[in-house]
Each structure stands twice: as C-alpha cells, then as structure tokens.
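Structure first, then comments.
The values are calculated or read from the model by the stated rules, or taken from the named source; none is laboratory data. What you see is a predicted model, and the numbers here were worked out from it, not measured in a lab. Positions of Cβ are generated from backbone atoms using ideal geometry, with glycine treated the same way; all protein chains shown enter the neighbour counts.
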Ligand code: LRH
C-alpha cells in the first residue's frame, strides 16, 4: 500500500499545531510539523481571538509540509467549540471573533433562559447550559446592537471560517454546530423556532456538513501564494472534543472517556441523544459526533485553573513550569482543602490563586497559601470531580464502566492520571496525548476509504500509540476524601 500523508490542524484555546499523519499498512505515525501559541488579545474591555494570525499559522503549517517534500492527500481543521465569525455580503469577515470568556456574555444566559424557558431550549437542542454557548453570545451581540450583527449575512464557526479562508466555500459542520445550542439533533437542522424567538435570521446559518464530508480544495489564490496544488480539504469532526473522542482507543461499544486539556470533558459516546428532564437537571450535554453519535458529557473546568494560576504567579515575577508545580503539589499535605472546579468564580481569566483562597474562606476551610498547597487543592478537586461526573454518566446512560480512557495533553500530568484512578477506584487508560489531532486524521482516512469505519480506526490508534495504565493505589483515604469533597462543595 502506498503511504497516505495528510495534515491535521488542531487549534486549542492556548496553542495550535499542524500534525502530519502517515498511514502505512494500517499503522499510524504522527509528526508535529508546526506548533504556535494562540494568545487571546484584550482590546479595551473586549477579549478577541487573533483569527488572522491563526490563519497565517495554518499557512505556515502547509508550507512546512511543502518544504519537507510531502505530497498531501488532504487536510482538516478542528478547534475549540462555540466561537464564531460573521461575514458581510461581500464575504469579508466582520471583526475579530470574540473569546468565549469575554465578560460581554456575563448574565446573558440567565436572561435568555428566563425569556424562552430552559425546558424549551434543552428539549430542542439537548445541550448543557454554559454561559458562553453561541446562543448566548449571539444574544449578547444582539442586545448590544454590535455593528457586526447589523451587517452580517453568514455565520461561520472558527474551523468553518479558517476552512473558508482556504477554500472560498462556506459550510457549517455538524459536531461544532451542535455546541451552539441552536441546532436540533432530532430534526437534524438548525432549530428554526429557536432562531426566530431570538430574532436571528435563518439565512445566516448555512448547510451543515457531516464530519468526513469533502469541503472543497485550496482555492487558486492560496495555491498560488503557497506554491501548492489543489489540496482537498475535509470537514472533519471540527469540534476538538469530537475529534478527541474519535481517537479514544476503546474496544467495546460502551466506554467512558475524559478528554483532558484546557477543559476536562468527561462522558460517554451514545447513538441517540438523551434529552430528558433528568439530563437537563444534571446539566448534561449531547454534542454531535462522528457518524451520528453523540457525546453525553459534562464540561469540567480542567487545567485552565492551573494555567491561570501560573499566569498570575508569572505576572508577580514567579515563573514555575508545570512539572515544578505538580512536584510542589505532591509534597503538600493531602485532603486539606477542596474547591468545586466548576464554580462560576473560576470561569473568567484573572487572579486564580486569590479566587481559590476566597472559595476556601467562604466555605470555612483552611486557606491554602503557597503554590504547592493551591495546586494540590485544585488537582485533588479535579480528580474528585471526575469521579462525580463519571458516576452521573453511569446513572444517566444506564451503563457501568470498568475504567476510564484519558486522552489529550493533560495525560502528561502523571500525578493527575494516578489521582484520577485513585479517586474513581478503577483503572485509567491514558493515551493518546494528541487525541484531537489523531481523531482529525482518522476521520479524513475513513472518508478516503483507508479505514472501513470508526472501529477500524480506533483499533489502528490502539495499535499505533502507547497507552499507560494506572491502577488505583491501595488505601481508603481517597474514599474518605471524596466524602469530604462532596460535603464541602455541596455536591452531596
Ligand atoms: C475544548 C472545548 C470544549 C468546549 C470549550 C469551549 O477545547 O472545545 O469542548 O466546551 O472548548
């Protein structure tokens, strides 16, 4: 078999990368061709993505492939969810997309819920209530009468937009569209009633491609600029979490996963969305996946809290590497203080160490002082929150899992993997770390007939990448710790 070389662009909320995938006789190899920061830019009160810079970096990735003499069979782009750009009638982009953590969105979800009714929104979308869902972002822009809203003609999400820059073609994509909380999975289209009630023009919302659909090729101007041919572009599972779940090296149909990066996304893959009162009350989501699957999961704040702590200490002149922080955490006393990582206080960028301390004060706990104590508190709390959400996933889906697959960059944190296993009392299977990029590649290969289906792709992933197994350590402290965590956070 000839080798198939393809490229995955995987954009996370803090960095992006171009990953070359090579498939030789069913064996996958990856190589990072290009890595770049994705730093949001604050302008006045607003927080933006530097979308043109991201597009520039995508072109750099294409050039690096070219300079290595690689003949690309196709490319695909995935990114974080919910964010978008609006196009004018001449196809130009109306301003820099906003960051979903922008304070413009504060309080909007509550107003929209009040206006339309939470039950109405959930029954039509099956999507969890998160204050930054696209539905609330667009409502905020409408309330504020932003100029972009007045001249908009088309709505594209981040990967749609970058794909459009490359190909000149405007399509939306299913996995990412589902995260807007404006898409109806039962009707398999944008929810017209919801759009109408929100006074959002139907005409903005375009054709929704299934992951794995051909979505054009590099347009002539791009070919010329980069000195490349008409490389085919696919709509992959463009929501990074959807791609990450494609890459879970599961053997059985019923499995639980934790996609671990800036966010922690924990849940299971199902064939039909679970849109019930219980799901709504537990605030679970049913995000669209590859091959008409759904991700029944909950967002957990994840390593964001630690990254923001690091940023704050750096601002104060103290630079710690991630491994240094983890080592300090390990040396700090166990089970001393807990937070609910999903408390609203931790969502916005800012002075995270103070917010952790404030949380501890307001819950009458000892206050952690040094970085080691703070990181210990965050990591233990994350591990316990994983257990909590895993148990809810079991309850809601009527399954029981004998372990947890962990994928994403977070698995480099060995302590977190081990503590997660301790907290859930079950094995953790960690790998691959480049989950989203590998899922992106896999969907392109399935579309090209290189893999028969997602299960053949998952088998190849299992055989191509190492998986580290963590078994729960003996001792009951984790069980007692969990009880403390539940009562302090009020989750009991
Ligand atoms: C993870 C992620 C997550 C979304 C959030 C906005 O990168 O896509 O699934 O909820 O970013």
#### Entry: Residues located in segment 333-348, provided they are within 17 Å of residue 389 (Cα to Cα) and within 18 Å of the chain's Cα centre (by Cα)
341, 342
### Task
Might you check whether a residue that is away from the ligand (no atom under 16 Å from the Cβ) and part of a loop (DSSP other than H, G, I, E, B) occurs anywhere in segment 74-89?
yes
### Query
In segment 9-56, which strands (runs of 3 or more DSSP E) lie fully inside it and hold 3 or more residues that are within 16 Å of the ligand (Cβ to nearest atom) and touching a strand residue (DSSP E or B) at 6+ places or on another chain (Cβ under 8 Å)?
15-24
### Message
crowded, with 18+ Cβ neighbours inside 10 Å, within 16 Å of the ligand (Cβ to nearest atom) and modelled with pLDDT of 95 or more: is that true of residue 245 in this structure?
### Response
yes
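Taking the conditions exactly as written (within 16 Å of the ligand (Cβ to nearest atom) and either buried (at least 17 other Cβ atoms within 10 Å of the Cβ) or in a strand (DSSP E or B) (or both)), does residue 130 satisfy them or not?
Values: within 16 Å of the ligand (Cβ to nearest atom): yes; either buried (at least 17 other Cβ atoms within 10 Å of the Cβ) or in a strand (DSSP E or B) (or both): yes.
In short, yes.
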### Task
List every residue pair whose Cβ atoms sit under 8 Å apart, with the two residues 6 or more apart in sequence or on different chains, where the first one lies in segment 67-92 and is farther than 22 Å from residue 206 by Cβ and in contact (Cβ under 8 Å) with a residue 12 or more places away in the chain and the second, anywhere, is outside any loop (DSSP other than H, G, I, E, B) and within 16 Å of the ligand (Cβ to nearest atom).
none
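Conditions tested, residue by residue: (1) out of contact with any helix residue (DSSP H, G or I) (no Cβ under 9 Å at 6 or more places or on another chain); (2) surrounded by fewer than 17 Cβ atoms within 10 Å (Cβ to Cβ).
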| position | (1), (2) |
| --- | --- |
| 51 | no, no |
| 56 | yes, yes |
| 67 | yes, yes |
| 89 | no, yes |
| 93 | no, no |
| 102 | no, no |
| 105 | no, no |
### Query
Residues that are touching a strand residue (DSSP E or B) at 6+ places or on another chain (Cβ under 7 Å): which helices (runs of 4 or more DSSP H) entirely in segment 199-304 hold 2 or more of them?
240-246
### Message
One residue is enough: does segment 340-350 have a residue meeting the conditions without any contact (Cβ under 8 Å) to a residue 12 or more places away in the chain and in a loop (DSSP other than H, G, I, E, B)?
### Response
no
### Task
Kindly indicate whether any position in segment 377-393 is modelled with pLDDT of 95 or more and farther than 22 Å from residue 480 by Cβ.
yes
### Message
Can you find, within segment 319-332, the residue that is nearest to the chain's Cα centre (by Cα) among those that are touching a residue at least 40 places away in the same chain (Cβ under 8 Å) and in a loop (DSSP other than H, G, I, E, B)?
### Response
320
### Task
List the number of the failed condition for residue 449; all other conditions in (1) exposed (fewer than 11 other Cβ atoms within 10 Å of the Cβ); (2) farther than 21 Å from residue 76 by Cα hold.
(2)
